[in-house]
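Following: one structure in structure tokens, then a few remarks.
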Number of protein chains: 4
Amino acid sequence: MPVLNRIAGYADQMKGWRRHLHSHPELMFDCHQTAAFIVERLREFGVDEVHEGIASTGIVAIINGQGEGATIGLRADMDALPITETTGADHASTIPGKAHSCGHDGHVTMLLGAAKYLAETRRFSGRVALIFQPAEEDGGGGEVMVREGVMDRFGVKEVYGIHNAPNVPFGKFLTTPGPILAAVDTATVTLRGKGGHGATPHVTIDPIPAMVSLVGALQTIVSRNAPAQDVLVVSVTQIHSGSASNIIPEDAWMTATIRSFTPEMRDLAERRFREIVAGQAASFGVEAVLDYERGYPPTVNHPKQAEFAAQVALEVSGNVDPDSPREMAAEDFAYMLQARPGAYLFLGTGPGAGLHQAAFDFNDEAAPIGASFFARLVERALPA
Amino acid sequence: MPVLNRIAGYADQMKGWRRHLHSHPELMFDCHQTAAFIVERLREFGVDEVHEGIASTGIVAIINGQGEGATIGLRADMDALPITETTGADHASTIPGKAHSCGHDGHVTMLLGAAKYLAETRRFSGRVALIFQPAEEDGGGGEVMVREGVMDRFGVKEVYGIHNAPNVPFGKFLTTPGPILAAVDTATVTLRGKGGHGATPHVTIDPIPAMVSLVGALQTIVSRNAPAQDVLVVSVTQIHSGSASNIIPEDAWMTATIRSFTPEMRDLAERRFREIVAGQAASFGVEAVLDYERGYPPTVNHPKQAEFAAQVALEVSGNVDPDSPREMAAEDFAYMLQARPGAYLFLGTGPGAGLHQAAFDFNDEAAPIGASFFARLVERALPA
Amino acid sequence: MPVLNRIAGYADQMKGWRRHLHSHPELMFDCHQTAAFIVERLREFGVDEVHEGIASTGIVAIINGQGEGATIGLRADMDALPITETTGADHASTIPGKAHSCGHDGHVTMLLGAAKYLAETRRFSGRVALIFQPAEEDGGGGEVMVREGVMDRFGVKEVYGIHNAPNVPFGKFLTTPGPILAAVDTATVTLRGKGGHGATPHVTIDPIPAMVSLVGALQTIVSRNAPAQDVLVVSVTQIHSGSASNIIPEDAWMTATIRSFTPEMRDLAERRFREIVAGQAASFGVEAVLDYERGYPPTVNHPKQAEFAAQVALEVSGNVDPDSPREMAAEDFAYMLQARPGAYLFLGTGPGAGLHQAAFDFNDEAAPIGASFFARLVERALPA
Amino acid sequence: MPVLNRIAGYADQMKGWRRHLHSHPELMFDCHQTAAFIVERLREFGVDEVHEGIASTGIVAIINGQGEGATIGLRADMDALPITETTGADHASTIPGKAHSCGHDGHVTMLLGAAKYLAETRRFSGRVALIFQPAEEDGGGGEVMVREGVMDRFGVKEVYGIHNAPNVPFGKFLTTPGPILAAVDTATVTLRGKGGHGATPHVTIDPIPAMVSLVGALQTIVSRNAPAQDVLVVSVTQIHSGSASNIIPEDAWMTATIRSFTPEMRDLAERRFREIVAGQAASFGVEAVLDYERGYPPTVNHPKQAEFAAQVALEVSGNVDPDSPREMAAEDFAYMLQARPGAYLFLGTGPGAGLHQAAFDFNDEAAPIGASFFARLVERALPA
């Protein structure tokens, strides 16, 4: 019986797990109940080792295969979002202001499904490390798990992860060698001048002309400084200054999101951003405070692993784009791919509300496909 | 006995009136108690006529002189500001959120002092029209009084007004022929594009670059379009756009205050403002909504009357600048000077908190000087 | 004997041809001597047909193979540049102001070498169409040849071309499926205001603030309107305005070069350019004249032919990058690839002065490699 | 006989002098023939002293009055312009490329007329110093004469000068207390980046975006930094960059003219200009070279002398505006008014071509009026 068929048999059970998790969302590193639920299932399945408390509420579980061999890491993220769900589903979040609007409940379920299958069948040599991480949403839980030594401690050789993709055809896998998700950095600039009455600009240091000149100059990072054939986005997303129609404000602030796929573009953008802010501030005699915060690095698939994962995906679902366009969102699986070879894939879940929307719900039908992918990947990577 | 000396004798009484008014501030056209207090005083003084209910709570009172002659208008404004006073004075505002932070209580008191003197002494021929107006602060009470026919109905030939000036030497009068206060117009612009994710500007119509280009272009109204020897201020005072660091906003809005002294500059500024907004919006494919609101016109002293008033001021206080720099604030006495010849003067009240500040209080010492100016002006304009 | 070895035996002869052509550069469509030289050679080789006078001085020659089969087109460009050569070589240009600084002399020589080989060996079925075109440098000679029916008239099924690439490792071929060279469009904008004295901007319509606002706004085509993962360059390359330090000029003009790889980006750039010019002109009250000239389209390799050409290149030189980065220059071979499937390749010629530099000279060592590529491609495409 | 009448009798003679001078224009300090002609006349008139060779070709001549008294300086400028005259007059310039297109020939003639009168009549006590200066047009001849000690050496107490004013009503004098002509400073900025191909901006440092941001930022000196009630003009008058439509240039340069009436505005403009250039250059990574050249200071009339001159002008011509608007041109008489009290006046010469135009010619009818003004001023300032 092919993997998919066997796991399809877990479908009802998986739906139960997923909906339970969905009803009980937890944020950031505070995934205690989620972790407890996962551990309970893993013990039921009879996995060989369960290591808790990594990166606070993260878990690594080990399933040994039939013989000696390498260790393959499979990763799922556990945390929910600070969103109030509007699905109206029976299994909707029971906690106002928290919801699994990014489908990590589905990711956990996929990995539990694979764990059950692998623990039952053990048709592989070597080991599987099941990596459940908290705090993917802006918390850098993946980075913490790497820093806490997960890769070395468990001898992980390669690592793989999946993200659900609403509005991609159901069952279609997307991946690509090289960067698949962007680095996301965030800049916040405050320009401080000297406020005063709108009638007498000459006794003020007006931050508004400084701010508009700055935002204009920032456009040239992309239009002039970045190679046309490379990818860089610098979006000024907020400008705020002033509180009365007749008062020249004392300060003005802005934010920008900066997205790139390579260290070169990241460094270029930050260097130019800093130069432009400093120069424009000097030009207008305002004081600038720049907080340039580097977020997640780009998620860069390793070519060999990406190609291998695409082959597994093709076998499992018959529908894969192995050279999919990159996404400009970010993901802290990036840190795991910095530590070990591996690949990240999207799995289409068909029509529905988008990620991070209050109306989003994970499509339970997709969970067995993701689980099958994980399981079959292990079998092919570590043939018994 | 010179005017000033006689009126100096009213000083305690005037202080009482002023502090009563100060304790009971009223806003805009709702100056009912203030009007009642004024009427009560005027009747005590024995003025000849009291006309209430003009421009809602405005009053015109008539004092006849010894014989036939012209009618001189003297104007005081009555309304307070929506400010919570912080003086801590015994006579401080009893109403949270309302305060006489612009000293109109002092203006009323000056005019009452003059009324008492003129009613008692009547050393003039012709008539005095005492004009008490509500809603100077942004309400256009002066305009309404003119529109309701005050000038024609009472045969006013010339009209004069005083504003207290903190931080100008105590007792010093300032005036000038021609414009003494500015026209103040206000523009509000909303640019509507199409919002979206910060990572994908190409599927948005980003209003922020449009806004910054607009604000840059607006600088050229003053730097290129206005004659260097004329006076025009265009201050962009607020820009607001965006609510998240990773979202390109749908719209951006700004306000500007525009100040000028002549119809030519007013028209130039509005014409260019409209052209620039339309052109910049077209350039960036955003929809622009411009609300260009004309506020008070410039307050333009008539040269002969300004010179005469300066002579009276010199006689009364011995300290006058007859060619004082213009102020870029606005005043609805402007409408009265459009209707009749006349002049507006500032009267220095010495060191203290500035106008419209929560800590401001009118300097009672200055009231007899203002009252003496009004009274002596009548005696000199309409010699008995 | 492999193709390359046989053709290597022509090396001295080819060097002679190349240096003769190099000494006698001709511009644009006026390639009469060049054409005469080519025709003389082709007749020596015993080609089957020589068709002259296409696109003025262009030539198509036919070599029939051993039997029936398709027709493969091989193209070389013939024209030189309006540059005064500074190589000091014995074979340097004999004509001041004209030089083969782009190596088209080498391209002709490669194709003559291939012609000699193919005419001698005829180890293919079908036919070869040798296409020699004038006016590649900005003259659109390739477009004219297509318009004059070369593809249909000679039944060309596929078409291939080579460009020499200094400073790419000697003998290395570069190609890629899809766009390999850019579309190059050119915009010229004149803004006409009203000149006057620098002391009195208010009686002028100053074109300089309009121009700088325009150039600023144009940056946003790339920074905001173009997809970050697509490629677009908009470079403002010239701004000129004014002739005296105290005079506000009447007009200002600029040029821009716009480079893209897809019709979507070309159209987007032109649409936004037009909108921005119109909007900025309206904003500043200047009259704008925009000449937006579409140059060569992108040179887009057909995937199958590019892959095939890469295989041939690998066989011939052992060094090929089949997925080479695109170049942002343009080439009128683009028109031939619009008319027929085919591919364009660069051939590395090692260190030396760059293309279009006065010190450039084609590396004669590379000609036999290019000739071998052409010859072997025919043999593999049309096996006997 | 009033002054004017007597001098009117010199009209033909003065016309002869003027036309002779007009035919023989000399530039800058090279006014040798002009000086020789003046000296010849002065000796004819019998002036008491002639001092030549001051500031190269400048002259100071002394006429003693009837007794002891102060010394009044009267000044005329002598130099022509590098213009080719197009009047077609019989007395037109005999030297291509040189012409008295600013009417200094008329100024010399006025002062000669006054000299003749004063030498003949001597109806004054004290002394007159007739100051003929070269190099008013951008050469600073007036400054040099002051530096060479003219004021001290000849004990000049007050100094007066006249400039002809075409298109002001004939015979009307214009003057004003305080600034009558502007300071004119000139800035030249070169921004040096790194040139390259228009297709690859990322390997260049494009000076054009830097230049446009700079010019935009410079607008704010007037729109934000200068008091609205003061006068400042900053006009960017030239921008030049680039020489080919596909090449990103290495540098860009601009000029600006800056005009003001007070040291405060001059300093403010220069300070902000320097800050903006430095800041913008830093912002874009270009190297900036700024040459900020201070030209003539403002020409500031002394109030008492201006009022006195206006009274004399009224007596002489019956038509004077004593409070005329300031002109934004500059004049090196400014240096003489820095050294001594005095006044500068314009004298209307009626309709005709403007100053510095090739078609300009001085109106001979105005010379006797100017001469009479000078003469009568002496008689009133130094009553016999």
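What follows draws every value from the coordinates through simple rules; no lab data is involved. Because the structure is predicted, anything quoted here is derived from the model rather than measured. Note: ideal-geometry Cβ built from the backbone for every residue, glycine included; neighbour counts use all protein chains shown.
Shortest first, residue D:13 label-point distances to identical copies amount to 7.9, 10.1, 12.9 nm, with the label point at 7 Å from Cα along Cα→Cβ.
If you average the sequence gap of Cα pairs under 8 Å that are 6 or more apart and divide by the length of region A:183-294, what percent do you get for the contact order? Value for region A:183-294: 44 percent.
Take chain B, connect every pair of alpha-carbon atoms lying under 10 Å apart with a spring to form a Gaussian network, then pick out the residue of B:24, B:240, B:202 with the largest mean-square fluctuation. Greatest mean-square fluctuation among the candidates belongs to B:202.
Projecting 7 Å from Cα along the Cα-to-Cβ direction, the label point of residue D:70 sits 4.2, 10.3, 10.4 nm from its equivalents in the other copies, listed shortest first. Beta bridges from DSSP with both residues in the protein assembly as shown: antiparallel share about 65 percent, rounded to the nearest 5. Here region D:20-88 is treated with +1 on each Lys and Arg Cβ and -1 on each Asp and Glu Cβ, and its dipole about the Cα centre works out to around 80 debye. Report the residue, chosen from D:162, D:38, D:239, that carries the largest GNM mean-square fluctuation when chain D is represented by alpha-carbon nodes joined by springs under 10 Å. Between D:162, D:38, D:239, it is D:239 that shows the largest mean-square fluctuation. Label points for residue D:88 are taken 7 Å from Cα along Cα→Cβ. From this copy to the others they lie 6.0, 8.6, 9.1 nm apart, shortest first. Most fluctuating residue of C:41, C:153, C:294 in a GNM of chain C with Cα springs under 10 Å: which is it? In the Gaussian network model the winner is C:153. Net charge in the neighbourhood of residue A:337 (other residues with Cβ under 12 Å of its Cβ; Lys, Arg +1, Asp, Glu -1) is -2.
When each of C:51, A:100 is scored by the number of other beta-carbon atoms lying within 10 Å, the sequence from fewest to most is C:51, A:100.
What is the calculated FRET efficiency for residue B:52 to residue B:338, with r their C-beta to C-beta distance and R₀ = 22 Å, to the nearest 0.05? Computed FRET efficiency for residue B:52 and residue B:338 comes out at 0.35.
Under a Cβ-Cβ cut-off of 12 Å, what is the net charge of the residues other than residue B:95 that fall near it, where Lys and Arg count +1 and Asp and Glu count -1?
Details: positive: B:98; negative: B:26, B:30, B:85.
Value of the local net charge: -2.
Taking 8 Å as the Cα distance limit and 6 or more residues as the minimum spacing, I'd like the relative contact order of chain A as a percentage. Taking the mean separation of contacting Cα pairs over the length of chain A, I get 26 percent.
Dipole magnitude for region C:183-294: computed about the Cα centre from +1 point charges on Lys and Arg Cβ and -1 point charges on Asp and Glu Cβ, it is near 140 debye. Peptide C:190-201 shows a mean partner chain C-beta count of 5 within 10 Å per residue C-beta.
What shape does region A:1-154 take by its C-alpha gyration tensor, where a ≥ b ≥ c are the square roots of the eigenvalues and a/c under 1.5 counts as rounded, a/b above b/c as prolate, and the rest as oblate? Taking the square roots of the gyration eigenvalues as a ≥ b ≥ c, region A:1-154 is oblate. One residue of chain C places its C-beta nearer than any other to the axis carrying C onto D; that residue and its whole-Å distance are C:212, 2. Computed from Cα positions, the angle between helix C:11-23 and the longest principal axis of chain C comes to roughly 30 degrees.
Applying a DSSP loop filter and a limit of 10 other Cβ atoms within 10 Å to the chymotrypsin sites (Phe, Trp or Tyr not before Pro) in region D:130-188 leaves nothing. Taken as Cα centroids, region C:197-274 and region C:116-141 sit 43 Å apart, rounded to the nearest whole angstrom.
Normalised Debye scattering of region C:183-294 at q = 0.16, 0.22 Å⁻¹ gives log10 I(q)/I(0) of -0.69, -1.10, counting only Cα atoms as equal scatterers and leaving out solvent. Partner shielding of A:283-291 amounts to 3, given as the average count of beta-carbon atoms from other chains within 10 Å of each residue beta-carbon. Taking a Cβ cut-off of under 15 Å around residue D:319, the surrounding Lys, Arg, Asp and Glu residues balance to a net charge of -2, with basic ones at +1 and acidic ones at -1.
Judged by the gyration tensor of its Cα atoms, with axes a ≥ b ≥ c, the protein assembly as shown is oblate; a/c meets the 1.5 cut and b/c is at least as large as a/b.
Take the Cα of residue D:188, step 7 Å toward its Cβ, do the same at residue B:264, and the gap between the two points is 3.6 nm.
Given a cut-off of 25 Å, name the pairs among B:15/B:98; A:15/A:98; B:172/D:157 whose C-alpha atoms lie farther apart than that in the structure shown. Present the calculation step by step, with values, prior to reporting the outcome.
On the way: B:15/B:98 20 Å; A:15/A:98 20 Å; B:172/D:157 37 Å.
Table pairs above 25 Å Cα-Cα are B:172/D:157.
Residue by residue through B:254-263, how many Cβ atoms from other chains fall within 10 Å of the Cβ on average?
Across the residues of B:254-263, the mean count of other-chain Cβ atoms within 10 Å is 4.
Our helix-only sum for the protein assembly as shown, with -39,500 (n - 2.57) per DSSP H run of n ≥ 4 divided by its residues, gives a mean residue ellipticity at 222 nm of -11000 deg cm²/dmol.
Pairwise over distinct Cα atoms, reciprocal of the mean inverse distance: report the Kirkwood radius of chain C in Å, one decimal place. Roughly 22.3 Å, rounded to one decimal.
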